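Structure first, commentary second.
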Amino acid sequence: MSYTVAKNTSFLTAASIGQKLISFVYFTIVARLIGVENTGQYFFALTYQSIFAVVADFGSAAVLTREMAKFPEKIQSIFSTALGNKLLFGSVAYILVAVSVNVLGYAPDVKNLIYLAGATMFFDNFHSLFYAVFRANRNLKYESFGIVGSQFLTLIVGSVALINHWSLIWLIAAYTIPSVLNVLYSGFFVLRTTAVRLKLSFEKSMWREFLIMAWPFACAGIIGRLYSYSDSLLMSKMLTGRELGAWSVPYKITFAFQFVALSLSASVYPVFSALWTTDKPALAKLFEKSWRYLFSIVFPLSAGIFAIAAQFIMKVYGADYADSIFPLRVLSISLVFGYLAIICASMLNAIGQQRKQTLLMSIALVASVASNLVLLPRYGINGAAFSALFSNFLMWGIAFVFVKKYTNVDCKIIFKYALQTLVPAFIMGALVYWLCARMSFVIAAPIGAVVYFALLFLTGGLNKEIINEVKTKML
């Protein structure tokens, strides 16, 4: 059974929000109960396997859905070839995880956590294959249920482990167990609702063709993953477990909000692609409008996080995480450039400039590693936060130069949109910061939100036309 684009988007958006919410609540509970140093080990084990997950996938996620949808008559042979690739690259990725942790000389307890986290990576690699079949058939219902269900099961298993004071290995198992069940769940419904069957295939011609299509996505994915987690990897060797635990909190908080920019990017990407060949002036207008929407979200979000950071950390995570406050404030500013860079990346990919985007990610990765090597020994996790701010700013700046080269974007309009939202956001942030010294952030934040929207009307950043347009799109 297939669904409309609107229904599928609703399924996946709701599932993503639910998954992010449950994940954030679970991490907060874990961080509060197991202490800073244990949180550092837990966070690093999950981070480490994530770096190798792109090797296990090897770009297949981007290729599978496209090819299955394009050639429905070949879906079985594509699936069988992909299944063989998943087994091969998943095994290679797990071996790389196991060998590298020994070469890098991590402590035995950390190794055991990473070994189990690597098993999670291996199984995640397979349920993504089954969900690709559903995506090709325009049915995202099962994937949406699987996303939320597995995260909810992680919350249950992890909570039981915390209540009974079980070892850290059980908190990693809280991800591995749902991952295995997710493979069984997705595989069962693929076999039940489609004509696809579990068959392995190593046809040389198809396998070669698959690798040729997948390797650019794999390279971009590996570079992107290294950019996201290189700071944590360097910290694991240069800083203490306690410092890594303190870093995990601001990282998780700001990372949780990235889905907003990613959702908008996914929505405008196909339109960017279509307008590139049919109406370039309209393409520039859409890019400007996308930034206008992002300004209205990311400026108050950044200002709000900055303002409530101290009280939020102390009340939610506890005094042990006081060192997380300053990095959270720096990362809240970095979030602005991260949001804008995501839309620039979507534009470059849509107009066929994938190589520029890969080059851009490579430059940002080198800048991130170099700045971390300089700042981490001197300033610890505060240095890591400044490194993230610098590399995000660099990635945004260069990406915008590339976008400006290929499209006639009006910088004056963008500057106008920025001022219309930045000024209200700054005033709101200052007000909330002042209120937090006198009351709970739970009360101060809503007051700030009301003030922000009132000021947004005054500056012209929000009007009836925009409200009606958003309302129409939502309905």
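The values are calculated or read from the model by the stated rules, or taken from the named source; none is laboratory data. If you're wondering where the values come from, they're calculated on a predicted model, not measured in any experiment. Using ideal geometry, Cβ is built from the backbone for each residue, glycine included, and neighbour counts are taken over all protein chains shown.
What to note about this one:
- Unique match (being more than 30 Å from I351 (Cβ to Cβ) and either part of a helix (DSSP H, G or I) or in contact with a His (Cβ under 7 Å, 6 or more places away or on another chain) (or both)) among V271, V260, V249: V249
- Residue identified as part of a helix (DSSP H, G or I) and under 28 Å from G35 (Cα atoms) among R355, R378, R292: R378
- In summary, V298 fulfils each of the numbered conditions (1) of a type in the set (V, I, T); (2) closer than 22 Å to Y417 by Cα; (3) at pLDDT below 90 with the single exception of condition (3).
- For the stretch 132-155, the set of residues classified as at pLDDT below 80 and assigned to a helix (DSSP H, G or I) consists of A132, V133, F134, R135, A136, K141, Y142, E143, S144, listed by residue number.
- Failed criterion for A256 (all others in (1) assigned by TED's automatic domain parsing to the domain that holds A319; (2) buried (at least 17 other Cβ atoms within 10 Å of the Cβ) hold): (2)
- Which listed residue, of L244, L262, L331, is surrounded by fewer than 22 Cβ atoms within 10 Å (Cβ to Cβ) and either in contact with a Cys (Cβ under 9 Å, 6 or more places away or on another chain) or farther than 18 Å from K404 by Cα (or both): L262
- Flag if F202 is surrounded by 20 or more Cβ atoms within 10 Å (Cβ to Cβ) and at pLDDT below 80: no
- Being in contact with an Asp or Glu (Cβ under 6 Å, 6 or more places away or on another chain) and surrounded by 19 or more Cβ atoms within 10 Å (Cβ to Cβ) holds for only one residue in A425, A384, and it is A384.
Residue-by-condition table, conditions (1) of a type outside the set (G, A, S); (2) more than 28 Å from A31 (Cα to Cα); (3) within 22 Å of the chain's Cα centre (by Cα); (4) not assigned by TED's automatic domain parsing to the domain that holds L46:
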site: A117; (1), (2), (3), (4): no, no, yes, no
site: F130; (1), (2), (3), (4): yes, yes, yes, no
site: G146; (1), (2), (3), (4): no, no, yes, no
site: G149; (1), (2), (3), (4): no, no, yes, no
site: A161; (1), (2), (3), (4): no, no, no, no
site: I169; (1), (2), (3), (4): yes, no, no, no
site: Y175; (1), (2), (3), (4): yes, no, yes, no
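- Of the residues making up the stretch 407-424, at least one is small (G, A, S) and modelled with pLDDT of 90 or more.
- Candidates I297, I308, I212 - the one that is closer than 26 Å to L375 by Cβ and either crowded, with 20+ Cβ neighbours inside 10 Å or out of contact with any Lys or Arg (no Cβ under 9 Å at 6 or more places or on another chain) (or both): I308
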